[in-house]
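Okay, structure first, notes after.
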Amino acid sequence: MGSIVWAMPVILTYFPEEREIRFLLDRQVSTLNLDEQYMQQALDLAARGMGWTSPNPMVGAVLVRDGQVVGEGFHRRAGTPHAEIHALQAAGPMARGATLYVNLEPCCHHGRTPPCTEAIIQAGVARVVAAMEDPNPLVAGRGLERLRTAGIQTECGVLADQARRLNEVFCKYISTGLPYVVMKAAMTLDGRIATRTGDSRWVTGPEARQHVHQLRHRYDAIMVGVGTVVADNPRLTTRLAGMNGKNPLRVIVDSTLRISLDAEVVLSASVVPTVVACLASASGQRDRIRGQLAARGVEVWEVPGEGPRVDLINLVHLMGKKGITSILVEGGAEVHGACLTAGIVDKVMIYIAPKIAGGREAPGPVGGHGVQVMADAVGVKDLQVCRLGPDVLLTGYL
């Protein structure tokens with residue numbers, strides 16, 4: 001053992017470059033760890049804009065100079081200054097020579113606000129670390145290239161997976177023009193969303209229900225079938241304890257316009273934007289109902305397509321053209337089944353309560369015909385699990 005201890009300094013004495021290599025490796029690891037720490041701070045800041053920035057992405061920015069945070073900020077609402085501008089304003093002259101951490105590549109084009117790249121260059125920032133390139137075709141790497149051309153050191157890819165997940169809605173919408181679709185359901189351990197009599201209040205506990213309201217705040221639109229409106233008469237609004245939440249656009253899929261004029265969503269349509277999506281033939285046959293809905297503030301969309309039900313693919317394309325970037329589908333079972341059959345779902349969120357309802361006639365979360373063989377079942381990947389009080393939330397991607 002003594003000879004081994006004695007040999008180590010001899011090796012380092014005769015091979016001094018090994019010391020240098022170790023020093024450089026340690027410094028590289030240290031820098032990487034710091035970059036991840038500050039990028040995580042930028043991601044946390046970005047998340048504070050959740051629900052308010054659509055159709056823009058959520059972006060946070062942190063300016064660091066000599067190991068100290070000298071400025072930070074996040075994008076608050078579409079049309080207002082971007083995160084980088086808030087951070088630069090907070091830092092003032094301390095921005096010169098600093099490193100900027102931002103979870104999305106700085107923009108280089110004129111939109112509703114000036115390009116952030118020019119402000120970064122003028123402020124004298126020395127280094128920019130971005131989590132990911134902007135998928136917006138107007139940027140797509142050009143922002144980082146503009147900074148490099150100006151002599152600013154740039155790096156990209158730190159915590160890239162987390163950055164993409166945070167802005168999964170923006171990434172899909174900006175690259176395809178289609179909204180990001182999340183299917184949400186709450187069920188018992190034995191897979192029931194209601195009892196055999198149709199009672200569903202409440203499957204889950206207060207923590208899970210409050211989480212659903214956070215989802216409503218986050219997404220642009222909430223979509224249900226008219227069957228849910230008839231059975232439960234829901235408000236479909238955002239009610240968050242201790243904060244003002246944003247109400248999503250309420251979209252009721254109602255092929256034949258059988259919604260009641262006394263439904264909560266109709267009575268409150270003058271306050272909360274509400275749409276009823278129907279077949280083109282339905283509105284022609286029921287002009288009186290359409291007129292009464294319009295008088296109460298409900299907008300009626302005629303969705304083209306063949307068949308007895310609203311074509312959900314056409315409906316999603318229509319919503320994308322109207323600038324709706326995300327949809328939270330809250331059911332019921334028939335709409336869930338139709339969405340999965342149409343292939344429009346990007347993500348599923350299933351709340352499971354520690355209860356057993358039983359009953360052959362008690363409904364499950366997904367209706368429709370279903371698959372004939374298990375090999376054709378819809379696969380879910382990247383499954384994540386979290387506890388919400390007594391309940392469990394499973395989140396996965398299709």
Between a residue in segment 45-62 that is within 14 Å of R165 (Cβ to Cβ) and any residue that is in a strand (DSSP E or B), which pairs come within a Cβ distance under 9 Å, given they are 6 or more apart or on different chains? A46/G60; A46/A61; A46/F74; A46/V102; A47/G60; A47/F74; M58/F74
The lone exception for C278 - which of (1) assigned to a strand (DSSP E or B); (2) under 25 Å from the mean Cα position of the chain (by Cα) it fails: (2)
Tally, over segment 291-309, of residues that are touching a helix residue (DSSP H, G or I) at 6+ places or on another chain (Cβ under 9 Å) and farther than 23 Å from T237 by Cα: 5
Consider segment 277-304. How many of its residues are within 26 Å of G368 (Cα to Cα), at pLDDT below 90 and buried (at least 16 other Cβ atoms within 10 Å of the Cβ)? 2
Of all residues in segment 113-172 being among the acidic types (D, E) and open to solvent by less than 30 Å² (accessible area, probe 1.4 Å), the one that is farthest from the chain's Cα centre (by Cα): D134
Can you spot a residue in segment 141-150 that is among the hydrophobic types (A, V, I, L, M, F, W, C), touching a Cys at 6+ places or on another chain (Cβ under 9 Å), over 30 Å from G332 (Cβ atoms) and not in a loop (DSSP other than H, G, I, E, B)? yes
Return the residues of segment 151-173 that are in contact (Cβ under 8 Å) with a residue 40 or more places away in the chain, of a type in the set (V, I, T) and not in a loop (DSSP other than H, G, I, E, B); say none if nothing qualifies. V169
In this structure, does T256 turn out to be surrounded by fewer than 19 Cβ atoms within 10 Å (Cβ to Cβ), without any contact (Cβ under 8 Å) to a residue 40 or more places away in the chain and not hydrophobic (A, V, I, L, M, F, W, C)? yes
Restricting the search to segment 325-339, which residues are open to solvent by 10 Å² or more (accessible area, probe 1.4 Å) and over 22 Å from H211 (Cβ atoms)? E334, A338
Looking only at segment 67-95, which residues are at negative phi and over 27 Å from the mean Cα position of the chain (by Cα)? Q68, V69, V70, Q89, A90, A91, P93, M94, A95
Residues that are open to solvent by 20 Å² or more (accessible area, probe 1.4 Å) and in contact with a Gly (Cβ under 7 Å, 6 or more places away or on another chain), drawn from segment 174-184: G177, L178
Of the conditions (1) over 27 Å from A90 (Cβ atoms); (2) open to solvent by 20 Å² or more (accessible area, probe 1.4 Å); (3) of a type outside the set (A, V, I, L, M, F, W, C); (4) touching a Pro at 6+ places or on another chain (Cβ under 9 Å), Q214 clears all except one; give me its number. (4)
Evaluate the following for V181: is it farther than 22 Å from A231 by Cα, under 13 Å from the mean Cα position of the chain (by Cα) and outside any helix (DSSP H, G or I)? yes
So for segment 94-104 (the condition being part of a loop (DSSP other than H, G, I, E, B), open to solvent by less than 10 Å² (accessible area, probe 1.4 Å) and of a type outside the set (A, V, I, L, M, F, W, C)), does at least one residue qualify? yes
Just give me the residues in segment 223-250 being buried (at least 24 other Cβ atoms within 10 Å of the Cβ) and either touching a Pro at 6+ places or on another chain (Cβ under 9 Å) or in a strand (DSSP E or B) (or both), in sequence order. M223, G225, L236, P248, R250
Need a quick list: helices (runs of 4 or more DSSP H) entirely within segment 286-371 having at least 1 residues that are over 30 Å from T53 (Cβ atoms). 287-295, 333-342
Per the filter on segment 310-323, residues open to solvent by 40 Å² or more (accessible area, probe 1.4 Å) and out of contact with any helix residue (DSSP H, G or I) (no Cβ under 7 Å at 6 or more places or on another chain) are D311, N314, H317, L318, K321, K322
Residue match in segment 216-232 (condition: modelled with pLDDT of 95 or more, within 22 Å of G389 (Cβ to Cβ) and not basic (K, R)): yes
Could you tell me which residue of segment 185-210 is farthest from F74 (Cα to Cα), considering only residues that are assigned to a strand (DSSP E or B) and open to solvent by less than 30 Å² (accessible area, probe 1.4 Å)? T188
Which of the following residues is closer than 22 Å to V139 by Cα and either open to solvent by 10 Å² or more (accessible area, probe 1.4 Å) or touching a Leu at 6+ places or on another chain (Cβ under 6 Å) (or both): A90, A78? A78
Can you go through T176, T149 and tell me which one is polar (S, T, N, Q) and closer than 20 Å to L315 by Cβ? T176
Which ones in segment 36-55 are closer than 20 Å to P115 by Cβ and open to solvent by less than 50 Å² (accessible area, probe 1.4 Å)? A42, A46, G49, T53
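The values are calculated or read from the model by the stated rules, or taken from the named source; none is laboratory data. None of the values given here were measured: they were computed from a predicted structure. Methodologically, a virtual Cβ is constructed for each residue, glycine included, from the backbone with ideal geometry; neighbour enumeration extends over all protein chains shown. Note: areas computed on protein heavy atoms with side chains; ligands, DNA, RNA excluded. Shrake-Rupley method; radii C 1.70, N 1.55, O 1.52, S 1.80 Å.
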